[in-house]
1. Looking at this structure, is Glu72 closer than 13 Å to Leu9 by Cβ, modelled with pLDDT under 90 and out of contact with any strand residue (DSSP E or B) (no Cβ under 9 Å at 6 or more places or on another chain)?
2. Within region 208-224, is even one residue closer than 29 Å to Tyr128 by Cβ, charged (D, E, K, R) and either surrounded by 13 or more Cβ atoms within 10 Å (Cβ to Cβ) or modelled with pLDDT of 90 or more (or both)?
3. If the requirement is being under 18 Å from Ala149 (Cα atoms) and either over 22 Å from the mean Cα position of the chain (by Cα) or not basic (Lys, Arg) (or both), which of these qualifies: Ala250, Ala277?
4. Just checking, does region 99-116 include any residue being out of contact with any helix residue (DSSP H, G or I) (no Cβ under 7 Å at 6 or more places or on another chain), at pLDDT 85 or above, assigned to a strand (DSSP E or B) and outside the structural domain of Asn202 (by TED's automatic domain parsing)?
5. I need the full set of residues from region 222-267 which are in contact with a Ser or Thr (Cβ under 7 Å, 6 or more places away or on another chain), outside any helix (DSSP H, G or I) and more than 17 Å from Ala194 (Cβ to Cβ), in order please.
6. Only one residue in Ser219, Ser178 is of a type in the set (Ser, Thr, Tyr) and farther than 21 Å from Gly267 by Cβ. Which one?
7. List pairs: first in region 105-125 and exposed (fewer than 11 other Cβ atoms within 10 Å of the Cβ), second at pLDDT below 90, Cβ under 9 Å, 6+ apart or cross-chain?
8. If you take the residues in region 158-196 that are among the β-branched types (Val, Ile, Thr) and within 22 Å of Leu218 (Cα to Cα), which one is surrounded by the fewest Cβ atoms within 10 Å (Cβ to Cβ)?
Amino acid sequence: MERINYQHLYYFWTVAKYGSISKACEMLHLAQPTISGQLAVLEQNIGTQLLRKDGRKLALTDTGRTVFNYAEEIFTLGRELTQTLKGRTSERGLRLHVGVTDALPKLIAYRLIAPLLQPPEPVQVICYEDKTERLLSEINLHTIDLVLADTPATPASGARVFNHLLGESAVGIFAAPSLAARYRQDFPRSLNGAPFLLPTTNTALRRSLNQWFDNNELSPTIQAEVEDSALLKTFGAAGVGLFFSPVVVANEINRQYGTEMLGKAEGVFERFYAITAQRKLKHPSIAAILANAKDGLFEILADDKTIIPY
């Protein structure tokens with residue numbers, strides 16, 4: 001491949017940013033044939049398509065997304081260079097792109113990330129929420145630095161990544177005060193037939209809970225199955241049903257949602273992982289998240305043997 005022409009890259013970045021060639025023409029004060037022609041030259045030099053039609057707009061291909069993210073970094077640095085030469089100080093600092101799986105309790109994610117946001121040198125954190133498979137594909141494209149998840153990545157994901165076990169927490173049963181008063185006596189036998197809000201069947205926690213119900217000979221009344229942990233707690237706070245959540249954030253849950261913890265689901269634990277690409281392991285913010293977990297966030301902490309490459 002020939003050396004990238006940064007003028008062509010800038011035109012591509014502008015088109016991708018605004019979603020159409022016509023809008024880019026307005027911003028750059030150039031004719032459409034000029035931009036279209038130079039985009040074609042860039043794609044020819046790279047050897048693959050960067051943009052595709054999506055209705056009336058243009059969408060990025062997988063390669064296009066990777067090129068766009070690098071271009072974003074390049075032109076951000078260019079702006080900073082201009083500001084520095086004009087005697088201004090840069091406000092960029094460190095940035096960390098974090099993917100949070102939809103099943104991961106958001107209070108856990110917050111506890112892990114919060115120390116990065118503190119002065120004197122706060123990190124600019126960009127958070128994305130999605131399914132694990134989609135987030136892992138973004139790690140492959142180097143658009144996300146790490147994924148916080150409740151299950152480790154496996155070889156089936158197709159990504160060469162590293163699983164870092166952050167720790168694990170016992171799981172408690174929570175409810176709005178009216179339901180808590182009704183089911184607290186003779187716990188956990190009182191839970192037979194009780195209304196429950198459960199995570200969906202594709203989650204690791206749900207599989208553990210099904211086994212716990214069987215072991216305790218309980219038949220719950222399933223009011224709803226909710227994939228998003230924050231939405232599940234919102235339903236629980238409204239008194240729709242009892243729900244499960246990590247004990248390590250019990251105080252925050254009760255304070256934020258006005259609920260009470262009835263007790264623990266004995267033998268049930270949730271594990272939490274930071275998943276990273278190999279080249280991102282030395283990112284100082286990722287190291288800070290791992291250190292924060294090992295400094296006492298979880299009841300049971302990971303040891304040095306829990307970094308597993310796939």
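1. Details: closer than 13 Å to Leu9 by Cβ: yes; modelled with pLDDT under 90: yes; out of contact with any strand residue (DSSP E or B) (no Cβ under 9 Å at 6 or more places or on another chain): yes.
The answer is yes for Glu72.
2. Residues of region 208-224 closer than 29 Å to Tyr128 by Cβ: 208-209, 224.
Subset that is charged (D, E, K, R): none.
Taking every residue of region 208-224 in turn, none turns out to be closer than 29 Å to Tyr128 by Cβ, charged (D, E, K, R) and either surrounded by 13 or more Cβ atoms within 10 Å (Cβ to Cβ) or modelled with pLDDT of 90 or more (or both).
3. Values: Ala250 fails: under 18 Å from Ala149 (Cα atoms).
Testing whether each residue is under 18 Å from Ala149 (Cα atoms) and either over 22 Å from the mean Cα position of the chain (by Cα) or not basic (Lys, Arg) (or both) leaves just Ala277.
4. Within region 99-116 (the criterion being out of contact with any helix residue (DSSP H, G or I) (no Cβ under 7 Å at 6 or more places or on another chain), at pLDDT 85 or above, assigned to a strand (DSSP E or B) and outside the structural domain of Asn202 (by TED's automatic domain parsing)), the answer is no, since none of the residues qualifies.
5. Passing the criteria: Glu227, Pro246.
6. Values: Ser219 fails: farther than 21 Å from Gly267 by Cβ.
Within the list Ser219, Ser178, the selection yields Ser178.
7. Between residues of region 105-125 that are exposed (fewer than 11 other Cβ atoms within 10 Å of the Cβ) and residues that are at pLDDT below 90, the close pairs are Glu121/Gly93; Glu121/Leu94.
8. To start, the set of residues in region 158-196 that are among the β-branched types (Val, Ile, Thr) comprises 161, 171, 173.
In the following step, the residues that additionally are within 22 Å of Leu218 (Cα to Cα) were identified as 171, 173.
On the way: Val171: 22, Ile173: 24.
Taking the candidates together, the pick is Val171.
The values are calculated or read from the model by the stated rules, or taken from the named source; none is laboratory data. Everything numeric in this text was worked out from a predicted model, so none of it was measured. A quick note on method: Cβ atoms are made from the backbone with ideal geometry, for glycine too, and the neighbour counts reach across all protein chains shown.
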